[in-house]
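A.B. asks: Here's a structure for you.
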Amino acid sequence: MQKILITGGLGQVGSYLVDRLCNIAEVTVLDNYSSTTREFVPEGVKVVRDDILSQCAREMVLQNDVIIHTAAQISVAGSIEDPLFDARNNVFGTLNLLEAARSSDISRFVYFSSAAVYGNPEYLPIDEAHPQNPLSPYGASKLSGEKYCLMYNKAFGVPTVCIRPFNIYSPRQNPSNPYSGVISKFMEQVKNNRSPVIFGDGSQTRDFVSVHDVVELVLLAIENNRMEGEVFNAGTGTSTRIDALAEVIIDIYDADVHIEFKDQRSGDIIHSYSDISKARSIGYRPEVKLADGLKAFINGQ
Ligand code: UD1
């Protein structure tokens, strides 16, 4: 059985990867419990509580065949408050794992980047060749992690793959966290019979991708050698208006609430959606339609 290390395995994406992989691989989680979405793991999964910057993390890389690196400082606002903390985690933490990978014989190192690396879109849909001009320390640190991954592939042959997720949603995102995504917020508001609050006029768009589709892309990344040394967008290739999203959620709950409009967030990106031709070319097929994904969300899936 393949041995897979999932850093950040208690987080939003990592925990779904654990669930998907634990029956087909020997899964170990490395997590420092800084933003856990759950406290338990499926039977048979080993959890090590430590930091990606530790010596222990390096040893764990050496003990596994595949590394999926989702652990990160994930708050954009947090990165603006403390860029050094952000860089320590997202740049040096990644580098620490890569250094171990350099002297190991792992078959894959999957790095979770972010669509934040693109900054303000210059054209749509956003393909992987789109200029990368991050607008936050978070975007810069994620891009830096990517560059190290690609460099370690070219210079040292470490089999890295980088994934750039667009707006991932899942019920394992804590709605009370001020930095959690719009879907978690709207769900929580409408469920409690409160108005979903839209910042701006609601015409802005995003590419909402179910965590389950992102997990399937990671599975492809583990198996497909053509993905090595490459970067892939993880989205759906479609865009949804924020006001339409609010309407769908109101509909699903059959709630008697109206949308509330507030001032646009400063620096908010107006339109964003991915070009996923590159991922499609290696077999990625996002299957979860937004309405279905939102219904599954309500059922906690
Ligand atoms: C997302 C990421 C961010 C990343 C950025 C660029 C999340 C939570 N954030 O930000 O880390 O840097 O992509 O790739 O995934 N909105 C409302 N009402 C709300 C909350 C949000 O109207 O209660 C609006 C926002 O103004 C925005 C849209 O919904 O226009 C999406 O917001 P959000 O889910 O926070 O994600 P991004 O801004 O796309």
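Computed from the coordinates by the stated procedures, all read-outs in this text should not be read as laboratory data. Everything quoted here is computed from the prediction, not taken from an experiment. Backbone-built Cβ (ideal geometry, glycine too); neighbour counts: all protein chains shown.
A.B. asks: So what is the diffusion coefficient of region 98-200 in µm² per second by Stokes-Einstein at 37 °C and 0.692 mPa s, using a Kirkwood Rh over Cα pairs? Show your work: numbers first, answer last.
C.D. replies: Numbers: Rh = 16.1 Å.
In µm²/s, the coefficient is 204.
A.B. asks: Provide the three semi-axes, in whole Å and in decreasing order, of the ellipsoid equivalent to the chain as defined by the square roots of 5 times the Cα gyration tensor eigenvalues.
C.D. replies: Numbers: eigenvalues 195, 86, 67 Å².
Value: 31, 21, 18 Å, ordered largest first.
A.B. asks: How would region 32-90 be classified by its alpha-carbon gyration tensor: rounded, prolate or oblate, with rounded meaning a/c under 1.5 and the a/b versus b/c comparison settling the rest? Don't skip to the answer; put the middle values down first.
C.D. replies: Working: a/c = 2.59, a/b = 1.52, b/c = 1.70.
Verdict is oblate for region 32-90.
A.B. asks: So, one more: Pick from A279, A244, A72: which is most flexible by mean-square fluctuation in a GNM of the chain where alpha carbon atoms under 10 Å apart are linked?
C.D. replies: Judging by the Gaussian network model, the answer is A244.
A.B. asks: Got a sec? Charge dipole of region 172-301, +1 on Cβ for Lys and Arg, -1 for Asp and Glu; which of F261, V218, P286 is way out at the positive end?
C.D. replies: Farthest along the dipole direction, towards plus: V218.
A.B. asks: Could you give the size of the charge dipole of the chain about its Cα centre, using +1 on the Cβ of each K and R and -1 on the Cβ of each D and E, expressed in debye and rounded to the nearest 20?
C.D. replies: On the way: 27 positive and 37 negative charges, 78 e Å.
So the magnitude is around 380 debye.
A.B. asks: Quickly estimate the mean residue ellipticity at 222 nm for the chain, helices only: each DSSP H run with n ≥ 4 gives -39500 (n - 2.57), and the total goes over all residues, rounded to 500. Write out the running numbers ahead of the final one.
C.D. replies: Numbers: 11 runs with 108 residues, N = 301.
Helices in the chain give a 222 nm mean residue ellipticity of -10500 deg cm²/dmol.
A.B. asks: Would you list, by chain and number, the lysines whose Cα falls below 21 Å from the Cα of K154, excluding same-chain residues fewer than 8 positions away?
C.D. replies: K142, K278
A.B. asks: Checking the cross-link filter: which aspartates and glutamates have an alpha carbon closer than 13 Å to that of K295, excluding same-chain neighbours under 8 positions apart?
C.D. replies: D251, D254
A.B. asks: Enumerate the lysines that K262 could reach by cross-link, defined here as Cα to Cα under 18 Å, with residues fewer than 8 away along the same chain left out.
C.D. replies: List returned: K185.
A.B. asks: Another question, then. Can you tell which of D256, D213, D19 shows the greatest fluctuation in a Gaussian network model of the chain with Cα springs below 10 Å?
C.D. replies: With Cα springs under 10 Å in the chain, the top fluctuation among D256, D213, D19 is at D256.
A.B. asks: To continue, here is another question. Determine the sum of side-chain charges near S195: Lys and Arg each +1, Asp and Glu each -1, restricted to other residues whose C-beta is under 14 angstrom from that of S195.
C.D. replies: Numbers: positive: K185, K191, R194, K262; negative: E188, D243, E247, D256, E260.
Local charge sum for S195: -1.
A.B. asks: Can you tell which of V13, V215, V257 shows the greatest fluctuation in a Gaussian network model of the chain with Cα springs below 10 Å?
C.D. replies: V257
A.B. asks: Arrange S274, S107 by Cβ neighbour counts within 10 Å, fewest through most, would you?
C.D. replies: On the way: S274 30, S107 15.
Arranged by neighbour count, lowest to highest, S274, S107 become S107, S274.
A.B. asks: Quick check on the exposure proxy: order I270, I252, I163 from fewest to most C-beta atoms within 10 angstrom.
C.D. replies: Values: I270 11, I252 16, I163 24.
Least crowded to most crowded, the residues run I270, I252, I163.
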